[in-house]
Amino acid sequence: MKEGPIVTVLHDGTRPDAQLMRPVEERAEVRYTAADGFAEALRGAEALFVYDFLTTALPGAWPAADRLSWLHVGATGVDSVLFDELIASDVTVTNTRGVFDTPIAEYVLAQILSFAKDLPESQRLQRDHLWRHRESERIAGASVLIVGTGSIGRSIARLLRAVGMRVRGLGRRSSTDDPDFGGVGTDLHAELPAADYVVAVAPLTTQTRNMFDARAFTAFKPHARFINVGRGESVVTDDLVAALRAGALAGAALDVVDPEPLPPGHALWDLPNVHLTPHNSGDFVGWRREIVAAFAANFRKWIDGRPLDNVVDKRLGYVPA
């Protein structure tokens, strides 16, 4: 048996890139497992790499985590792995903050342009062989409220400001001179009426769950669009559907939904002013390799006793700024 700590890698059937994992395997015993063998593979492990992005297996296997000291999540959001016993434990949790910042910002800009230039209608007209002149909206000068001021929100803010949009953030602390957002507010319902676009990117916490409800959608401008790249559970889905049908807002681009995946026959599939994508706003070509590389870099710090990158505040549910 290899000397060194035991590292368990929980995967979804696709194992991490072997070449990128080699430096980890040289200094640790690495156990690769899917959910069905997770508890057994976790026993005796000091580190856990969660490479299964939709797993719900950790609470059930937790009694086997008899030596665990570090858990690294191969994603930005950690709500799927945080539960009371883990939060109360001494286990350090880190995430893959930073890998998805730019791709998600690009996705948000793409959706804004798609709304403003009405690209879906242009595609429908082309399909029907119709040459119909239309006017489109400008995005320069339009106002954007970005709900969530973490690294992804900041990347979105910088990109949207670069194309001339007026950006404001919503977070836990107010500011009047933020380098990325300019201003940051703390009252969602006070900020919504001024926004032409609302981008939800906040992590899922007790404070953000169901924050976009009927009251929030009533505060939208009728021509405003809502873009959710955060968590589906931050939205009361039935309230969003009702608001879209009533014209309380002009459209929604949803990369995350509740429930997820969206079941067949759900109203969101067929609403003409909704753009749906399957939770892939950050999934660029090569994203899995970058996730593994980020874990391997953090592993080197962990095994050498150096401070880890992206340590999550388990009580808050995210990496503090």
Can Thr55 be described as within 22 Å of Asp79 (Cβ to Cβ), part of a strand (DSSP E or B) and among the polar types (S, T, N, Q)? no
Members of segment 33-48 found to be open to solvent by less than 60 Å² (accessible area, probe 1.4 Å), in contact (Cβ under 8 Å) with a residue 24 or more places away in the chain and over 17 Å from Val91 (Cβ atoms), listed by number: Thr33, Ala34, Ala35
Counting only residues that are hydrophobic (A, V, I, L, M, F, W, C), closer than 18 Å to Val319 by Cβ and either touching a strand residue (DSSP E or B) at 6+ places or on another chain (Cβ under 7 Å) or without any contact (Cβ under 8 Å) to a residue 24 or more places away in the chain (or both), segment 127-169 contains a total of 4
Residues being open to solvent by 30 Å² or more (accessible area, probe 1.4 Å), touching a strand residue (DSSP E or B) at 6+ places or on another chain (Cβ under 6 Å) and either farther than 19 Å from Ile87 by Cα or among the β-branched types (Val, Ile, Thr) (or both): count how many of those fall in segment 297-321. 2
Go through segment 267-296 and count every residue that is surrounded by 13 or more Cβ atoms within 10 Å (Cβ to Cβ) and either at positive phi or assigned to a helix (DSSP H, G or I) (or both). 13
Please return the ranges of strands (runs of 3 or more DSSP E) entirely within segment 146-240 where 1 or more residues are open to solvent by less than 10 Å² (accessible area, probe 1.4 Å) and at negative phi. 166-170, 182-185, 197-200, 225-228
Condition first: modelled with pLDDT of 95 or more, open to solvent by 30 Å² or more (accessible area, probe 1.4 Å), in a helix (DSSP H, G or I) and of a type outside the set (Asp, Glu). Can you find one or more residues in segment 67-87 that meet it? yes
Just to be sure, is Asp12 surrounded by 16 or more Cβ atoms within 10 Å (Cβ to Cβ) and outside any helix (DSSP H, G or I)? no
Cβ-Cβ under 7 Å pairs, at least 6 apart or on other chains, segment 108-126 side open to solvent by 40 Å² or more (accessible area, probe 1.4 Å), far side of a type outside the set (Lys, Arg): Leu113/Ile139; Lys117/Ser136; Asp118/Ser136
Ala250 vs. criteria touching a helix residue (DSSP H, G or I) at 6+ places or on another chain (Cβ under 7 Å), of a type in the set (Gly, Ala, Ser) and open to solvent by less than 60 Å² (accessible area, probe 1.4 Å): no
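The values are calculated or read from the model by the stated rules, or taken from the named source; none is laboratory data. Predicted model only: the values in this text are computed from it and were never measured. Every residue, glycine as well, gets a Cβ built from its backbone with ideal geometry; the counts of neighbours run over all protein chains shown. SASA here: full protein model, heavy atoms, side chains in, ligands and nucleic acids out. Shrake-Rupley method; radii C 1.70, N 1.55, O 1.52, S 1.80 Å.
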